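**Q** Submitted below is the structure of interest, expressed as structure tokens.
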Amino acid sequence: MGRITINDIIALKKSDKRISMLTAYDFYSARFVDQAGVDIILVGDSLGMVIQGREDTLAVSVDDMVYHTTMVRRGSKRALIVTDLPFMSYQISKEEALKNAGRIMKEAGAGAVKLEGGKNVAPQIKAIVDTGIPVMGHLGLTPQSVHQLGGYRVQAKGKEQAIKLIEDALVLQDSGVFAIVLETIPLELAKLVSEKLDIPTIGIGAGFYCDGQVLVFHDLLGYDQDFKPKFIRNYSNLNQIITKDIKKYINDITNNQFPNDEESYHMNPQTIEEVKKELEKDEYL
Ligand code: KIV
């Protein structure tokens, strides 16, 4: 079976099945996510935070996105791979946007790119789509604009902001995006947008009326017990499991319980006796 295509994703809008999307950033995370059966793997620029340990996504480069997408591509066989265009890789001009989207498709093997913004980035979206590269939009809390937004907070709660977001969604659809991520907006607004559009919406902190949902791999698995916005559901508590296991490993070394005999390689007893004999010769004394 080949990879899921954007046509499969668009078709899901008209079905009862919701679209599942999850981030992955390397070979094994991609393999876990793909083998579990997710529809879309997002190589998100959230890697700036969960992989690189930065405060936000702004410093992530196109090279970083190419590097991580290459690994995700190797680790997956079935899911559609969507890769984020990072901050300032598409805002300046259509030419820059095309060049960078092209690199992500050609060098890394993504199946589509994602970029943040509404009307302001419509010319870039059209140029990329016209070249034959599928684009996913991203509205609401757009993390690349965190300084403009004044932090990571719920967006479009008021009438004007809400209408602007709906207008932006319609412009994105007209520009040719195949789906739109709606991040951290009220559920009622996400419902309205999802009903108005012919293309799927994928929510994160946008409630259950969206056509699909996305989470960050590390958030789903509970890597950081101190990071818990209300839209995250921890399906595991890996921070506790990993810490417990690493402590056990250190303890086993300290108490000489790792490695044991079965975890060691053995030599022919006669050979080791011969080696010892050799060492008794003058030249080794
Ligand atoms: O970068 C990312 O992981 C994202 C998701 C949070 C939608 O854009």
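Nothing in this text is a laboratory measurement; each read-out follows from the coordinates by a stated rule. Nothing here was measured: the structure is a model prediction, and the numbers come from that model. Quick reminder, even Gly has a Cβ in these numbers, built from the backbone with ideal geometry, and neighbours come from all protein chains shown.
**Q** Apply 1/(1 + (r/R0)^6) to the Cβ-Cβ distance of M88 and K164, taking R0 = 22 Å, and write down the FRET efficiency to the nearest 0.05.
**A** Working: r = 23 Å, r/R0 = 1.04.
After rounding, the FRET efficiency stands at 0.45.
**Q** Still on this structure, please answer the following. Net charge within 11 Å of V43 by Cβ-Cβ distance, Lys/Arg positive one each and Asp/Glu negative one each, not counting V43 itself? Let's see the in-between values first.
**A** Values: positive: R73, K114; negative: D26, D45, D64, D84.
Overall, the nearby charge balance is -2.
**Q** Using only the Cα atoms of the chain, what semi-axes does the equivalent ellipsoid have when each is the square root of 5 times a gyration tensor eigenvalue? Give whole Å, largest first.
**A** Values: eigenvalues 436, 94, 66 Å².
Each semi-axis is √(5λ); the values are 47, 22, 18 Å.
**Q** Counting every Cα pair in segment 135-265, what percent are over 27 Å apart?
**A** On the way: 3278 of 8515 pairs.
I get 38 percent for the Cα pairs in segment 135-265 exceeding 27 Å.
**Q** Which of the lysines could a cross-linker bridge to K14, judged by Cα under 16 Å and excluding same-chain residues fewer than eight apart?
**A** K191, K196
**Q** Debye calculation, C-alpha points only, no solvent: report log10 I(q)/I(0) for segment 166-207 at q = 0.27, 0.28, 0.33 Å⁻¹, in the same order as the q values.
**A** One equal scatterer on each Cα of segment 166-207 leads to -0.91, -0.98, -1.25.
**Q** Expressed as a rounded percentage, what relative contact order does segment 198-270 have, with Cα pairs under 8 Å and six or more residues apart?
**A** Values: 54 pairs, mean separation 13.1, N = 73.
Averaging sequence separation for qualifying contacts and normalising by length gives 18 percent for segment 198-270.
**Q** In degrees, nearest 10, range 0 to 90: what is the angle between the Cα axis of helix 94-106 and the longest Cα principal axis of the chain?
**A** 40 degrees
**Q** Using label points projected 7 Å from each Cα along Cα→Cβ, tell me how many nm separate E262 and E95, to one decimal.
**A** Those two pseudo-labels are separated by 6.5 nm.
**Q** In whole Hz, what ³J(HN,Hα) sequence does segment 150-159 give by Karplus (6.51, -1.76, 1.60; θ = phi - 60°), x for Gly and Pro?
**A** These are the phi-based 3J(HN,Hα) values: x, x, 8, 9, 4, 9, 6, 7, x, 4 Hz.
**Q** Something else: Treating cross-link reach as a plain straight distance, find the aspartates and glutamates whose alpha-carbon is under 16 Å from the alpha-carbon of K159, omitting any fewer than eight places away in the same chain.
**A** The reachable aspartates and glutamates, counting only those whose Cα sits under 16 Å from K159, are E167, D168, E188.
**Q** Also, quick follow-up: Please give the length that would be gained between Y235 and A36 if that part of the chain were fully extended, namely 0.36 nm times their separation in residues minus their C-alpha to C-alpha distance (nm, one decimal).
**A** Details: separation 199, 0.36 × 199 = 71.64 nm, distance 1.38 nm.
Extra length from Y235 to A36 when fully extended: 70.3 nm.
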